[in-house]
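Novice: Below you will find the structure I want to go over with you.
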Amino acid sequence: MTYRCLLQMVLLLCFSTTALSMNYSLLRFQQRRSDTVCQKLLRQLPSTPQHCLEVRMDFQVPEEMKQAQQFRKEDAVLVIYEMLQQIFGILTRDFSSTGWSESIIEDLLVELQGQMDHLEPIQKEIMQKKNFTMGDMTVPHLKKYYFNLVEYLKSKDYNSCAWAVVRAEMLRNFSFLKSLTGYLRD
């Protein structure tokens, strides 16, 4: 049995809905590992060609993301979940102009889905409690940020330069995700 299979079995056992809200440390471990895998996969895709730097723009990351030290663990869960959903949605768009490896994108999507699957029960639990948090206020700002990314891709007809810029932005997102993951503590 591989380490990955063993880890997944442990996570499945530990993430039953009854023990879920009490095991943020295990979630933090899983998220950190997965964030690292996603970053490595993104780095395997071709980087931004020099001529594409001209088409870069500021997508205006929400200010709350730059001041994540204000987040509680519940905030972090809501924000991480939203970011993963949005990144997943972007990566399911037409990237055929990029020359990117479909197997790398598929691996990335599988990894993102796994992260969301682990977070979803906690995210639902937080939403059911209706305990409004900083994360609740950040999610609409994140949606606008990702909407801007998608609109940028559309405006550039999903060309390879636009995708290269979005890829660089996603790498930046995973830096934010790693920072937020640190708030997942019991």
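Novice: State all residues of segment 28-69 that are small (Gly, Ala, Ser) and surrounded by fewer than 17 Cβ atoms within 10 Å (Cβ to Cβ); if no residue qualifies, say none. Talk me through it step by step, then tell me what you get.
Specialist: Filtering segment 28-69 for residues small (Gly, Ala, Ser) gives 34, 47, 68.
Within segment 28-69, just SER47 meets the criteria.
Novice: Let me ask another. Go through segment 97-112 residue by residue and tally those that are open to solvent by 30 Å² or more (accessible area, probe 1.4 Å) and in contact (Cβ under 8 Å) with a residue 40 or more places away in the chain. Please lay out each step first, then the result.
Specialist: Just the residues of segment 97-112 that are open to solvent by 30 Å² or more (accessible area, probe 1.4 Å), to begin with: 97, 99, 101-103, 106-107, 109-110.
From what's left, in contact (Cβ under 8 Å) with a residue 40 or more places away in the chain: 97, 99, 101, 107.
Adding up the residues that qualify gives 4.
Novice: May I pose another question? So if I check each of ARG167, ARG185, which one is of a type in the set (Lys, Arg) and either over 23 Å from SER47 (Cβ atoms) or not in a helix (DSSP H, G or I) (or both)?
Specialist: Answer to the check: ARG185.
Novice: What residue, among those in segment 113-124 that are in contact with a helix residue (DSSP H, G or I) (Cβ under 8 Å, 6 or more places away or on another chain) and open to solvent by 40 Å² or more (accessible area, probe 1.4 Å), is farthest from LEU184 (Cα to Cα)?
Specialist: Keep residues of segment 113-124 that are in contact with a helix residue (DSSP H, G or I) (Cβ under 8 Å, 6 or more places away or on another chain), which gives 113-116, 118-123.
If we keep only those that are open to solvent by 40 Å² or more (accessible area, probe 1.4 Å) as well, we get 113, 120-121.
Numbers: GLN113: 19, GLU120: 14, PRO121: 14 Å.
Out of the qualifying residues, it is GLN113.
Novice: Can you tell me which of (1) surrounded by 14 or more Cβ atoms within 10 Å (Cβ to Cβ); (2) within 19 Å of TRP163 (Cβ to Cβ) is the one ASP75 doesn't meet?
Specialist: With respect to (1) surrounded by 14 or more Cβ atoms within 10 Å (Cβ to Cβ); (2) within 19 Å of TRP163 (Cβ to Cβ), ASP75 is out only on (2).
Novice: Would you check which residues across segment 30-70 are under 15 Å from the mean Cα position of the chain (by Cα) and of a type in the set (Val, Ile, Thr) and list them?
Specialist: Once the filter is applied, which keeps residues that are under 15 Å from the mean Cα position of the chain (by Cα) and of a type in the set (Val, Ile, Thr), segment 30-70 yields THR36, VAL37, VAL61.
The values are calculated or read from the model by the stated rules, or taken from the named source; none is laboratory data. Just so it is clear, the model here is predicted, and its values are computed rather than measured. Methodologically, a virtual Cβ is constructed for each residue, glycine included, from the backbone with ideal geometry; neighbour enumeration extends over all protein chains shown. These area figures cover heavy atoms from the full protein model, side chains too; ligands, DNA and RNA do not enter into them. Shrake-Rupley method; radii C 1.70, N 1.55, O 1.52, S 1.80 Å.
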